[in-house]
Every structure is written in structure tokens, then in C-alpha cells.
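Worksheet: the structure to be examined is printed underneath.
The values are calculated or read from the model by the stated rules, or taken from the named source; none is laboratory data. Keep in mind it's a predicted model, so treat the numbers as computed, not measured. Positions of Cβ are backbone-derived with ideal geometry, glycine not excepted, and every protein chain shown enters the neighbour counts. Please note that ligands, DNA and RNA were not included when accessible areas were found on the heavy atoms of the full protein model with its side chains. Shrake-Rupley method; radii C 1.70, N 1.55, O 1.52, S 1.80 Å.
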Amino acid sequence: MGVVILIVMAVGVAAMLTRKLPTAFALVLLGVVIALVAGAPLTGKESVFDTVLQEGAPMLASTMIAVLLGSWLGKLLDETGIAGTIVRKIVEFGGDRPTVVALGVLAVSALIGTVTGSAPAAMLAGIIGIPAMVAVGIPKVTAAGTILMGIAVGVPFELPIWQFFSTALDLPVPTVRGFMVKLFPLALVAAVAFVLVESRRRGVEHTWSLKTAPDKRGSRRERLGDAPWYALLTPVVPLVLALGFELAIIPSLLAGVLYALVTTTRPREMNKRLLRTLYGGFEVAAPPIALFIAIGILLAAVKLPGAIEALEPLVKAVSPQNPVLFVLVFTLLVPLCLYRGPLNVYGLGAGIAGVLIAAGIYPAVAVLGLAASYNQVFGVADPTSTQTVWSAQYAGVGPQQVMVRTLPYVWAVALGGFCVTAATYL
């Protein structure tokens, strides 16, 4: 039975890799088929309809709300000019010094990455940041990679990510936060190394042929001017509340929304801006929310008693228990989180994580270490991820070029994450 489930998973991975099915649809089908293969009845206790679909779909509801609030805050950063102002100030400070400009854009990308992820974060930092870097001589591939590496620095402090891992792995938020704090310096060192090494190794390239998308909001921003200096603290507000004061994630994000609104908007315009940006946030959040619904269904399926019983001996046989082997094996498997592979935490990797925990093969916090470390790789180097595709295309290069250049650095971050996990939790 376990072999059949593994074959079903392999077919699902193939469907996602070849884009025969969208990832969310493939994960839902996988969840239903795995439940049927595991012998689950259609209705009743531990069933396909009542457990996998009914209970699985809203399993990550708190994560979906956090994603929506993060997207809402991201839209406010965009519309109020806060993100653009931060980037422009950094670029002005850097002047014609390529490395300083790149490090400044890296810092801004990290700050925005703590608020929202994926393509919106890349766009907020990259619309101004990428042309500015290219204009002072940073190679195009390095410019795109700088945006992505910067976002990855912010990911360990992205509150929706904390909520996702907390809910999916059934861990308290403080536990998730504790590991993310350990992961942050690894991502920071790798990102700074990327900028310093790649900008100097490739040399200065003055490329004036970069095509930039027209900014339809330009005239509005010209009228509004820069956002007030105190409004620029907006990205830090949720982080300070959640990390410094240990406030819950959703209230922290709401506080960020309110702070951005109050510091940039006249009272008579607040209602319209709130609704406009909220609706815009729904548009941005819709794809990840659909994905989290599908992941919840898959997690519910792999946690069924029949699925655990079938998969436990197979997974246990190939899962290293020795800490050194643990680090070595999972480091070698890093490429499997690329191209929507089986270790992608926003795909089948979530189901595998569920099996590892449900079968008692690794402690949940060790699985957190694996998933979070792989996520650092996926978010930067995967040529199919939306932020990688957007950054590469906006810079005028291919996503595969960005992958080749950034992969060694994020692979090192994953290795560091696995070492921390093995030393701390095994």
C-alpha cells in the first residue's frame, strides 16, 4: 500500500513539473487519491469527504488570513509610496557607488520581505531598485539576484510564514520564531556575500538597454511626493510587535496596516484607501490562499491512520537518524525543492513533512528546520517561482541564469539550517 501511495505522489510531482495540472489542483487530487488508497471511507470518521475535504480545506485558515493581511499591507506600502520612498532614499545615498547601491537595495528588499513575499515583494523593491543597480554598473543577473537574496533575508521574519509553519507542523509560534531567528544570520551572510562577490567578480557593466515597465502611478507619486519619514517605519512595526513584544501575528499585521494608513492618509480619504487596498490585497493573496487550501487537504490525507501505517516503514527506512548523515543526505537533496519538486514546502513537500511528523520519524521542530531551510532555496533559485520569474524578466535575463548564480549561496544557507537542526533538535 505504501508503494502505491509513493507512486501516486510521483505521478502528482510529474503532473506539476510538466504543468499538466496547476499545483493547487494537483495537490487536491493527490489528497483525495491518497485517502482512497489508504482505505478511507467516503463519509464518516477519517473519511474522504468529512476529514480530508471538509476539515482539510480550512486547516490553514489562520495562515490564509495572515497572508491576506500581509498582502493588504504590501498594497498600502505601494499605494502610499512608502516602499518607493525607501528605495529612492537608499539609491540616492549610494550615489554612483555600485556596491553601496546594491547593498542598500538588498536591505530594502529584506525589509519588504518581512511584510510580504513572492512577486509583490520583488516588485515593490525591484521596480526602482533593479534599474538603479543596472544604471550604476551592477550586472543584470546580479541585480535580479540581489532583489531575491534580499527578500530571502526577510523571509525568516515574515509573519505569514511563521503562521504557516506553526499551523502546518502543529508547533507553537514561539518555537517557529526561535528557529527563524537562528536561520536569519545565515541568510544575511549569504546575501551580503552574493552582492560583494558577484558584483566584483563580474565587474562593472554599464548597460543602458534595460527595459523598464512604465510606472502608471508616476504622476500620482509626483503629486504626493515622498512619504513622511515616520511612515517609513511601517515595515518594522509588525516585526517589533511580534518579535519584541511577542504579540500575536494577526494583531501585529493589523497594527502595521493601521500605522501605514494613519501616517500617510488624510482622515477623509481613509475609508476609500482602506477598501481599495484591501480589495487589491485580495487579488494578490488569492493564488497563495488557493494553494494553502490544497496543502491543508493534502496534510489531512497523509495524516489519516491508513496512510501513516502504509508510509511509516518506507519513510523510516530511508530517513537518516545519525545527525551527520541527516545533514549530508538532506543537503544533497536540495535540488528536489526546485521546479516544484517533491521537497517544495508549498507543494508535495508539505505532505512529506506531515508524514515525517505523523509517523514519529523526526520531531516536529526538526521537520521545521528542514522545511524552512528548503524554503530559503525555493524562494530565491526556483525558476518557476513568481518572484524569480518577475525579477529575471524585469532585469532582462532568464530565470535559469538567476538560478545558476544564486543557487550556491542559498544551498549554503540550507546546509547551515540543516546543521543547526541536527545540532539542536536531533
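Restricting attention to region 264-310, which residues are charged (D, E, K, R), in contact with an Asp or Glu (Cβ under 8 Å, 6 or more places away or on another chain) and open to solvent by 50 Å² or more (accessible area, probe 1.4 Å)? Before you say what the answer is, go through the steps one by one.
Our first condition is that a residue be charged (D, E, K, R); within region 264-310, this holds for 266, 268-269, 272-273, 276, 283, 303, 309.
Checking the rest, the ones that are also in contact with an Asp or Glu (Cβ under 8 Å, 6 or more places away or on another chain) come to 273, 276.
Once the filter is applied, which keeps residues that are charged (D, E, K, R), in contact with an Asp or Glu (Cβ under 8 Å, 6 or more places away or on another chain) and open to solvent by 50 Å² or more (accessible area, probe 1.4 Å), region 264-310 yields only 276.
Residue check, residue 212 against (1) modelled with pLDDT of 80 or more; (2) under 25 Å from residue 135 (Cα atoms); (3) open to solvent by 30 Å² or more (accessible area, probe 1.4 Å), all met but one. Which one?
For residue 212, the failing item is (1).
Suppose we filter region 230-286 for residues that are part of a helix (DSSP H, G or I), within 30 Å of residue 178 (Cα to Cα) and without any contact (Cβ under 8 Å) to a residue 40 or more places away in the chain; how many remain?
11
Return the only residue of 125, 135 being out of contact with any Gly (no Cβ under 6 Å at 6 or more places or on another chain), open to solvent by 30 Å² or more (accessible area, probe 1.4 Å) and small (Gly, Ala, Ser). I'd like the intermediate steps shown before the answer.
Working: 125 fails: open to solvent by 30 Å² or more (accessible area, probe 1.4 Å).
Every option except 135 fails the conditions.
Considering only region 356-408, state which residues are open to solvent by 20 Å² or more (accessible area, probe 1.4 Å), over 30 Å from residue 136 (Cα atoms) and not in a helix (DSSP H, G or I).
If the condition is that a residue be open to solvent by 20 Å² or more (accessible area, probe 1.4 Å), over 30 Å from residue 136 (Cα atoms) and not in a helix (DSSP H, G or I), then 360, 363 are the ones that fit.
Please go through region 114-152 and give me each residue that is assigned to a helix (DSSP H, G or I), out of contact with any Phe, Trp or Tyr (no Cβ under 8 Å at 6 or more places or on another chain) and under 22 Å from residue 71 (Cβ atoms), ordered by number.
118, 120, 121, 124, 125, 128, 129, 147, 148, 150, 151, 152 - these are the residues of region 114-152 that are assigned to a helix (DSSP H, G or I), out of contact with any Phe, Trp or Tyr (no Cβ under 8 Å at 6 or more places or on another chain) and under 22 Å from residue 71 (Cβ atoms).
Out of region 322-339, which residues are touching a residue at least 24 places away in the same chain (Cβ under 8 Å) and open to solvent by 50 Å² or more (accessible area, probe 1.4 Å)?
First, the residues of region 322-339 that are touching a residue at least 24 places away in the same chain (Cβ under 8 Å): 323-324, 326-327, 330-331, 334, 337-339.
323, 324, 339 - these are the residues of region 322-339 that are touching a residue at least 24 places away in the same chain (Cβ under 8 Å) and open to solvent by 50 Å² or more (accessible area, probe 1.4 Å).
If residue 86 passes every condition in (1) open to solvent by less than 50 Å² (accessible area, probe 1.4 Å); (2) free of Cβ contacts under 8 Å to residues at least 60 places away in the same chain but one, which one does it miss?
(2)
Table: residues versus (1) assigned to a helix (DSSP H, G or I); (2) surrounded by fewer than 16 Cβ atoms within 10 Å (Cβ to Cβ).
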| site | (1), (2) |
| --- | --- |
| 19 | no, yes |
| 25 | yes, yes |
| 29 | yes, no |
| 35 | yes, no |
| 45 | no, yes |
| 53 | yes, no |
| 62 | yes, no |
| 66 | yes, no |
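Of all residues being farther than 20 Å from residue 393 by Cα and aliphatic (A, V, I, L, M) in region 88-107, which is modelled with the lowest pLDDT? Just the residue, please. Steps first, answer last, please.
Taking region 88-107 as the starting set, the residues that turn out to be farther than 20 Å from residue 393 by Cα are 88-101, 103-104, 107.
Cutting the leftovers down to aliphatic (A, V, I, L, M) gives us 90-91, 100-101, 103, 107.
Values: 90: 85, 91: 81, 100: 91, 101: 91, 103: 93, 107: 93.
Top of the filtered list is 91.
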